[in-house]
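Okay, structure first, notes after.
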Amino acid sequence: MEVKVDSSPFGSRTRTRVLLALLIGESYARELARALDVPVSVVQKAIRTLETDQLIAGRLVGRTRLYCLNPRYFASSEKKASSGDSVVFAGQ
């Protein structure tokens, strides 16, 4: 799997690439590092910050921690968008 990102809307290119990779399905840090061709430590740092921001969620399966997109985060964003709340941009 090759995920290329020119800009980084989520803070860093690695964070963005991890999020894009997790769109496919859940994964663990070493597998993400291998797929993204970056060191495991870099992926682990991205995972830590994404979990802190509640964009992804982790769960233990045996001794392995699997990560996926946090359904609560994305469901709440979708709920806000469909609730009819208007979005006001600066200058409007």
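Every number in this text was worked out from the coordinates using simple rules, so none of it is lab data. All of these numbers come straight from a predicted model, not from anything done at the bench. Don't worry about glycine lacking a Cβ; one is built from the backbone with ideal geometry, like all the others, and counts go over all protein chains shown.
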For residue 64, placing the label point 7 angstrom along Cα-to-beta-carbon and taking the range 15-30, residues whose amide nitrogen sits under 19 Å are 18-19, 21-30
Expected vector for the range 52-67, Karplus 3J(HN,Hα) from phi with 6.51, -1.76, 1.60 and θ = phi - 60°, integer Hz, x for Gly and Pro, equals 4, 7, 6, 7, 10, 10, x, 9, 7, 10, x, 9, 9, 9, 9, 10
With the 8 Å Cα cutoff and a minimum separation of six or more residues, the range 13-72 has a relative contact order in percent of 38 percent
